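Scroll down for the structure; my scribbles are underneath it.
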Amino acid sequence: MINKVYTGKVVSNKMEKTVVVAVTRMFQHPVYKKTVKKVAKFKAHDEVNQCKVGDEVKITETRPLSKDKRWLVLEIIDKSARSAKK
């Protein structure tokens with residue numbers, strides 16, 4: 001089985017060992033041919049609480065960890081300027 005891997009931006013880290021990642025995708029509308037941007041939010045497991053708001057992260061699909069959490073943070077691609085200061 002091939003797991004899905006997405007990259008997105010952390011929008012919330014207020015939960016213990018959990019971050020909310022916003023994944024943006026662009027596609028063309030089938031009828032109107034306009035490019036549309038959609039944002040999906042995923043709750044991902046962050047074992048060591050290292051992700052901060054604004055970080056660019058890579059997440060992968062995993063087994064269900066809770067009611068809403070089915071994603072795992074693989075790596076932090078880019079630290080945000082806000083988290084680099086602290």
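Taking the stated definitions as given, is Lys4 without any contact (Cβ under 8 Å) to a residue 24 or more places away in the chain and surrounded by fewer than 13 Cβ atoms within 10 Å (Cβ to Cβ)? So that I can check it myself, show each step before the final result.
Working: without any contact (Cβ under 8 Å) to a residue 24 or more places away in the chain: no; surrounded by fewer than 13 Cβ atoms within 10 Å (Cβ to Cβ): yes.
The answer is no for Lys4.
Return the residues of segment 20-38 that are within 14 Å of Tyr6 (Cβ to Cβ) and among the charged types (D, E, K, R); say none if nothing qualifies. So that I can check it myself, show each step before the final result.
Within segment 20-38, the subset within 14 Å of Tyr6 (Cβ to Cβ) is 20-26, 38.
Result: Arg25, Lys38.
From the list Thr60, Thr24, exactly one residue is under 11 Å from the mean Cα position of the chain (by Cα) and without any contact (Cβ under 8 Å) to a residue 24 or more places away in the chain. Which is it?
On the way: Thr60 fails: without any contact (Cβ under 8 Å) to a residue 24 or more places away in the chain.
The match here is Thr24.
With in contact with an Asp or Glu (Cβ under 7 Å, 6 or more places away or on another chain), β-branched (Val, Ile, Thr) and either modelled with pLDDT of 95 or more or surrounded by 10 or more Cβ atoms within 10 Å (Cβ to Cβ) (or both) as the only criterion, which of Val31, Val10 stands out? Give the derivation first.
Values: Val31 fails: in contact with an Asp or Glu (Cβ under 7 Å, 6 or more places away or on another chain).
Among Val31, Val10, only Val10 is in contact with an Asp or Glu (Cβ under 7 Å, 6 or more places away or on another chain), β-branched (Val, Ile, Thr) and either modelled with pLDDT of 95 or more or surrounded by 10 or more Cβ atoms within 10 Å (Cβ to Cβ) (or both).
Take the residues of segment 39-53 that are charged (D, E, K, R), surrounded by 11 or more Cβ atoms within 10 Å (Cβ to Cβ) and more than 10 Å from the chain's Cα centre (by Cα): which is nearest to Tyr6 (Cα to Cα)? It would help to see each step written out before you state the result.
Narrowing segment 39-53 to residues charged (D, E, K, R): 41, 43, 46-47, 52.
Now restrict to residues that are surrounded by 11 or more Cβ atoms within 10 Å (Cβ to Cβ): 41, 43, 46, 52.
Next, only the ones that are more than 10 Å from the chain's Cα centre (by Cα) stay: 46, 52.
Working: Asp46: 15, Lys52: 18 Å.
Filtering segment 39-53 for residues that are charged (D, E, K, R), surrounded by 11 or more Cβ atoms within 10 Å (Cβ to Cβ) and more than 10 Å from the chain's Cα centre (by Cα), the one nearest to Tyr6 (Cα to Cα) comes out as Asp46.
The conditions are (1) of a type outside the set (Gly, Ala, Ser); (2) closer than 19 Å to Lys69 by Cα; (3) surrounded by fewer than 11 Cβ atoms within 10 Å (Cβ to Cβ), and Thr18 fails exactly one of them. Which is it?
(3)
The values are calculated or read from the model by the stated rules, or taken from the named source; none is laboratory data. Remember, predicted model here, so these are calculated numbers, not experimental data. Cβ atoms come from the backbone with ideal geometry, glycine included; neighbour counts cover every protein chain shown.
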